[in-house]
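Peer 1: Next up is a structure, given as C-alpha cells.
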Amino acid sequence: MDLSNRQTINEANYKLASIVVAQFRRGHRSLFYKTSHREDSPFVCADFLKKKANIHHIPDGRKTSRGISTSKKAGILKVLCPLMPKSRNVFWERIPVNDEAADLIAEF
C-alpha cells in the first residue's frame with residue numbers, strides 16, 4: 001500500500017537523486033533530508049505521507065524464517081553453487097528449509 005502523498009512531493013520538488021542524507025524520526029510523519037554533506041547545512045523537512053497513514057501501528061514481525069523448499073535448495077546447491085564464488089555458498093548452505101512455504105516464482 002502506497003501512503004505517500006504525491007501532491008506534496010511534487011510541490012516540494014525534492015528529488016531522490018539530490019538527497020545525500022536522509023533521517024526518519026520515530027513518531028514523525030516527515031522525512032528530514034540534506035542535499036549537501038556539509039556539517040553546517042540544516043535538515044529540510046518534507047511531509048510525504050498521507051494524513052491517513054497510521055505511523056503508531058507497528059506490524060508484528062515474523063516469528064520464523066520463510067525458507068525455501070527442500071527440492072529448490074538441493075537444486076541450487078547442486079547446479080548453481082559450483083558456479084558461484086565460495087564466499088556465496090555459505091548463504092545457500094545455511095538458508096532455512098520450509099516445504100510449506102509458497103514458491104514466489106509464478107509462471108504465467
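Peer 1: Of 93, 100, which residue is surrounded by 10 or more Cβ atoms within 10 Å (Cβ to Cβ) and either in contact with a His (Cβ under 8 Å, 6 or more places away or on another chain) or free of Cβ contacts under 8 Å to residues at least 40 places away in the same chain (or both)?
Peer 2: Sole residue among the options that is surrounded by 10 or more Cβ atoms within 10 Å (Cβ to Cβ) and either in contact with a His (Cβ under 8 Å, 6 or more places away or on another chain) or free of Cβ contacts under 8 Å to residues at least 40 places away in the same chain (or both): 93.
Conditions (1) under 30 Å from residue 18 (Cβ atoms); (2) part of a helix (DSSP H, G or I); (3) in the same structural domain as residue 23 (by TED's automatic domain parsing); (4) touching a Gly at 6+ places or on another chain (Cβ under 8 Å), marked per residue:
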site	(1), (2), (3), (4)
40	yes, no, yes, no
54	yes, no, no, no
59	no, no, no, no
71	no, yes, no, no
76	no, yes, no, no
80	no, yes, no, no
99	no, no, no, no
103	no, no, no, no
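Peer 1: Of 25, 62, 29, which residue is at pLDDT 75 or above and surrounded by fewer than 11 Cβ atoms within 10 Å (Cβ to Cβ)?
Peer 2: 62 is the lone residue from the list that is at pLDDT 75 or above and surrounded by fewer than 11 Cβ atoms within 10 Å (Cβ to Cβ).
Peer 1: Also, quick follow-up: Can you name the residue in segment 69-80 that is over 26 Å from the mean Cα position of the chain (by Cα), surrounded by 10 or more Cβ atoms within 10 Å (Cβ to Cβ) and of a type outside the set (Ser, Thr, Tyr) and is also farthest from residue 104 (Cα to Cα) among such residues?
Peer 2: Of everything passing the filter in segment 69-80, 77 is farthest from residue 104 (Cα to Cα).
The values are calculated or read from the model by the stated rules, or taken from the named source; none is laboratory data. Since the model is a prediction, treat every value here as computed from it, not as a measurement. Neighbour counts are summed over all protein chains in view; Cβ atoms, including those assigned to glycine, are modelled from backbone coordinates with ideal geometry.
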